[in-house]
């Protein structure tokens, strides 16, 4: 009897235990749409599950009680919810999209709109908000806060510049607007400063080879400036900024619907700096004076089946000069008072049209006209460059192959008043270059996590013949937040000295071209790893690390050191190498703090006869950062941005030149405060160059022989070298090319930003 009672008691206990088992099920959605592959975890029980394609999930065999459930998904803000259950329960969780995610769409890597996570080419994205953390009057200045990218000033007097990527000089960087390669050659020198930030939706940066898709000149990388979408742009926007240096910048933007199917976006930028400053007392302007206006207009046409058709145009006029403090336009081109005066007129027209066929085919084009009228002391440089570019692409998917076929044609007309287009035999002969090309790209999905990109481009240069540029990329997704990419390719660049090297124009040195220059050829490889971490408390961490290597043959080098009165150009008899590591860290914390930091280690050198020398004006390491914090209670945003650069070799005139042969470690740091308490209006202000760094620090002077800019008192020996005399103890000549950092000190700024949707 006792055994029967014991067995009965055990059965009752077991039945009671089963009766207490509870089922928790439900659905995860966002804006009413089911979200699959959501990770749900009961913290106390250490049990996890994942939602199915319908967003549904379930836990079984639970006991009554209180639990914490953590919910995480790619592209959505993590959340933790406390639940109490005493019986079977059905819950619905609603997730909020996380905008700062790999789901951003990019086009630069493959000429297709793809999820950044799925792109086989690593593409960095920088939005307009990023550039507003350190407001600048042009996109050229704004790029200083991107790791591995450095705007390089090339002249102390007229402040010309180019953009370096991973240590490679400006001509190796292709700059595009909306995918059209319109900033190159002649416009590299002055065209970049005329692109206003107000037009920028985002900037996409590819570091490394992109020649097979965009042309052979995209050797070091490319920068694609994506302008604002007409339909999404504010109805009215205005941004005015002024500084204690009396720099004034105004951006205006407005859009109009002139037809039910036609929207127009107009942007106007005006920049004025007319304040002569000479804080280093060398009788030369520290900062170039500028008067610039840029007008941009973009038309968007609505078509059947949402096919794309857009047109855009821009006009730029700029009057800039630098020189002796008493210079005025009456001295332009003369030898009485030294000045560098440049007038620039530039027109651009670009468009993109989707063909009215079933296949996904696009025709895009750009037309540019760049006119420059310059005086560098007594040296006159008057040049005109017209470029016509067109491209037809066909995007086709076949099984696991994502194909892109394309044909391109580029025509360049160039004429100037130098020996580049003039000879005693033929007279003035403008240069006409035809560059037709074909390319094909195939992205092959090998498996769920593996894909390969194969590309080949063939161009025919009317001056240099056939050009082949292959491309290879491999991508593996270890999981949804971890990606490894390998990219390799070749490059080919035709050098145009007078349009790319400002030093050839200043008149301070004679240009000597040793032999017929052969085009540069390069071989590139880039390895990239990206990892994104989502903490359960809402914090997000992104790590991005790359290793890069570029090998040059026929590298064209400017020799400043053999003869102080000359710049000697010739192909390097050896080879050149650019290699290094770069890393980025993005942190977004749930209490409003955001951090972006990057560091680049690079070795860029020239090897000739077994001897390696560091490339002039190239740092071995650099770092960038931006720290942002929003105090919600005060509607106040704080942005602290900066960069730091390691020493770089500088162009001395001879062994007796008293200036430092290497730059010191230098940094430009800025702080900004933004008040957002007004409707549609932001008020911002702060301080630029907090450390008040100038390249004059620890240097007796920056501009060589600033007291004698026409070398009237310099004596030369039989070889053309300057001789040391009592009036010229170091044997120097006038030269403004010793420059590596802006000669502009600490200054305050204030601005107003208005947006009406």
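Summary of computed values
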| quantity | calculated |
| --- | --- |
| Matching residues in region 379-411 - criterion: being assigned to a strand (DSSP E or B), without any contact (Cβ under 8 Å) to a residue 12 or more places away in the chain and in contact with a strand residue (DSSP E or B) (Cβ under 9 Å, 6 or more places away or on another chain) | 397 |
| Residue among 240, 296 that is crowded, with 20+ Cβ neighbours inside 10 Å and touching a strand residue (DSSP E or B) at 6+ places or on another chain (Cβ under 9 Å) | 296 |
| Residue within region 730-737 that is over 30 Å from residue 667 (Cα atoms), buried (at least 20 other Cβ atoms within 10 Å of the Cβ), out of contact with any helix residue (DSSP H, G or I) (no Cβ under 6 Å at 6 or more places or on another chain) and in contact (Cβ under 8 Å) with a residue 24 or more places away in the chain present | yes |
| Selected residue (criterion: farthest from the chain's Cα centre (by Cα)) from residues of region 157-176 that are under 22 Å from residue 669 (Cβ atoms) and modelled with pLDDT of 80 or more | 159 |
| Total residues in region 356-378, condition part of a loop (DSSP other than H, G, I, E, B) and either under 30 Å from residue 330 (Cα atoms) or in contact (Cβ under 8 Å) with a residue 40 or more places away in the chain (or both) | 3 |
| Hey, residue 249 over 30 Å from residue 696 (Cα atoms), at pLDDT 85 or above and either in contact with a strand residue (DSSP E or B) (Cβ under 7 Å, 6 or more places away or on another chain) or in the same structural domain as residue 386 (by TED's automatic domain parsing) (or both) or not | no |
| Residue within region 54-71 that is assigned to a strand (DSSP E or B) and at pLDDT below 80 present | no |
| Matching entry among 143, 102 (being modelled with pLDDT of 80 or more and out of contact with any helix residue (DSSP H, G or I) (no Cβ under 8 Å at 6 or more places or on another chain)) | 143 |
| Residue satisfying condition, being buried (at least 17 other Cβ atoms within 10 Å of the Cβ), in contact with a strand residue (DSSP E or B) (Cβ under 8 Å, 6 or more places away or on another chain), at pLDDT below 85 and not in a loop (DSSP other than H, G, I, E, B), within set 594, 521, 532 | 521 |
| Exclusive hit being touching a strand residue (DSSP E or B) at 6+ places or on another chain (Cβ under 8 Å) and closer than 20 Å to residue 545 by Cβ, set 642, 623, 605 | 623 |
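To keep it simple, each residue is scored yes or no on (1) in contact with a helix residue (DSSP H, G or I) (Cβ under 9 Å, 6 or more places away or on another chain); (2) in contact (Cβ under 8 Å) with a residue 12 or more places away in the chain; (3) on the phi < 0 side of the Ramachandran plot.
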| position | (1), (2), (3) |
| --- | --- |
| 638 | no, yes, yes |
| 668 | yes, yes, yes |
| 675 | yes, yes, yes |
| 689 | no, yes, no |
| 693 | no, yes, yes |
| 705 | no, yes, no |
| 708 | no, yes, yes |
| 719 | no, yes, yes |
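The values are calculated or read from the model by the stated rules, or taken from the named source; none is laboratory data. Small disclaimer: the values here were computed from a predicted structure and weren't measured. Cβ: placed from backbone, ideal geometry, glycine included. Neighbour counts: every protein chain shown.
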